[in-house]
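S.K.: Have a look at this one.
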């Protein structure tokens, strides 16, 4: 399959962004004269979309029961959109205008000979135990390495004093421990490929529980 293709991953989208994206895809696909035999059917996806929309509204003022129901509904809609993206990619065969006409976000051709973009949406959260943090970020492409580091102190100008540089190939949630409860920790990350490295993300910080 060509590198230019419809983006299939939606599970990490915030609720509002997913509702907008799914609504746009449904509208474009309904009006399309190219994607005439979508799989799964648009009726099935529309039913999942409406259910998710209702669950989002219910969870806004409800408790854990409503939040759990929303997550299950989000997973169901995301899985259906992922299957539909496969159909769109097969029909489009990498043709960019056709891909855009589907309403899906499009992953364009890989840039050659350039260092990567800076990773987006870095985060720090409470870990699974005391003295631990969860961290992650939005990836910038395939075949990437990601350098990251932590700081537990700052200089007299307030700039973090960065510790050991670590490297990973994964971008989803990971964990780091050994921090002192009640202290402050900083985090930053950059992407790297054979052509060079991106800029570091702006440092983010969190108090350790």
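S.K.: When region 88-106 is examined, which residues are found to be out of contact with any helix residue (DSSP H, G or I) (no Cβ under 8 Å at 6 or more places or on another chain) and within 14 Å of residue 33 (Cβ to Cβ)?
M.R.: Within region 88-106, 97 is the sole residue that qualifies.
S.K.: Can you find a residue that is part of a loop (DSSP other than H, G, I, E, B) and under 19 Å from the mean Cα position of the chain (by Cα) anywhere in region 173-191? Steps first, answer last, please.
M.R.: So in region 173-191, the residues part of a loop (DSSP other than H, G, I, E, B) come out as 173, 177-183.
From the residues that got through so far, the ones that are under 19 Å from the mean Cα position of the chain (by Cα) too are 173.
Within region 173-191, one or more residues are part of a loop (DSSP other than H, G, I, E, B) and under 19 Å from the mean Cα position of the chain (by Cα).
S.K.: Which is in a helix (DSSP H, G or I) and within 26 Å of residue 95 (Cβ to Cβ), of 16, 23? Don't jump to the end; show me each part of the working.
M.R.: On the way: 16 fails: within 26 Å of residue 95 (Cβ to Cβ).
That would be 23, the only listed residue that is in a helix (DSSP H, G or I) and within 26 Å of residue 95 (Cβ to Cβ).
Every number here is computed from the coordinates shown, using simple stated rules; none is lab data. The structure presented is a predicted model; accordingly, all values stated were derived computationally and were not measured. Quick reminder, even Gly has a Cβ in these numbers, built from the backbone with ideal geometry, and neighbours come from all protein chains shown.
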